[in-house]
Amino acid sequence: MTPAVDPLGALARLAVEGDREAQRTLLVTLGPSLLRAVRGVLGAAHPDVDDVLQEAMTAVYSALPSFRGECRLLHFASRVAVQTALAARRRAGYRRRYTPLAAPDELVELPSRDASPSEAHVAAQRRRALRELLDRLPEAQAEALVLHTLLGYSVDETAEAQRVPLNTARSRLRTALASLRESVSADPRLLALLEPKP
């Protein structure tokens, strides 16, 4: 798959060549998308968002020389940020085992201004449960699911970002969703939390 002309491609080449202004402009331009990816995986109120964002920016900068233009630079950078955030979740996994399902700071992520405190609490529990379910998936499947579901990439864009054939991306998404359904069905707590209410 060859993407259309990438508006950030020339800037990326200059950054790799050592142009400091291009490096700064590139990171400032990509920053909001990287933050969105990190927050999508960790949660907006997670205490490590800023640290993981910096780690993701460093990882993107370090990975720039390996960028070959198989996808848009934005997709490449978002994938690196998702990988960085998933790795951070896995590193910190032992801490989550000892925290309640809905930590108070997660209530900062209100789904809407009209939500009651009870609805906000349930929504925060659901988001946290879904993020915990990501930890049960193989990395490639979790990454595909985050790119497609949380970041809104099309299946084509997900395949481009992961540098895999379209059918591989479809298979990863299908398998990830099936695994999530199985995990939810096998856990009464998750089933009660995530099943739609009449």
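Summary of computed values
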{"item": "Region 64-82, subset within 14 Å of Arg13 (Cβ to Cβ) and of a type in the set (A, V, I, L, M, F, W, C), residue surrounded by the most Cβ atoms within 10 Å (Cβ to Cβ)", "result": "Phe76"}
{"item": "Flag if Arg189 is of a type in the set (D, E, K, R), part of a helix (DSSP H, G or I) and either closer than 30 Å to Cys71 by Cα or modelled with pLDDT of 95 or more (or both)", "result": "no"}
{"item": "Hits in region 101-122 (condition: more than 19 Å from Leu86 (Cα to Cα), modelled with pLDDT under 70 and in a helix (DSSP H, G or I))", "result": "Pro104, Asp105, Leu107, Val108"}
{"item": "Region 1-44 - residue that is free of Cβ contacts under 8 Å to residues at least 12 places away in the same chain and of a type in the set (Asp, Glu) and, of those, farthest from Ala63 (Cα to Cα)", "result": "Glu21"}
{"item": "Leu35 surrounded by fewer than 19 Cβ atoms within 10 Å (Cβ to Cβ), under 25 Å from Glu139 (Cα atoms), at pLDDT 95 or above and out of contact with any Lys or Arg (no Cβ under 6 Å at 6 or more places or on another chain)", "result": "yes"}
{"item": "Unique match (being of a type in the set (Ser, Thr, Tyr), at pLDDT 90 or above and not in a helix (DSSP H, G or I)) among Tyr98, Tyr153", "result": "Tyr153"}
{"item": "Pair list, Cβ < 8 Å and 6+ apart or interchain, from region 123-151 residues that are within 14 Å of Ala85 (Cα to Cα) to residues that are acidic (Asp, Glu) and assigned to a loop (DSSP other than H, G, I, E, B)", "result": "Ala142/Asp135"}
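The values are calculated or read from the model by the stated rules, or taken from the named source; none is laboratory data. All figures in this text were calculated on a predicted structure; none of them were measured in a lab. Ideal geometry is used to build each Cβ from the backbone, glycine not excepted, and the neighbour counts take in all protein chains shown.
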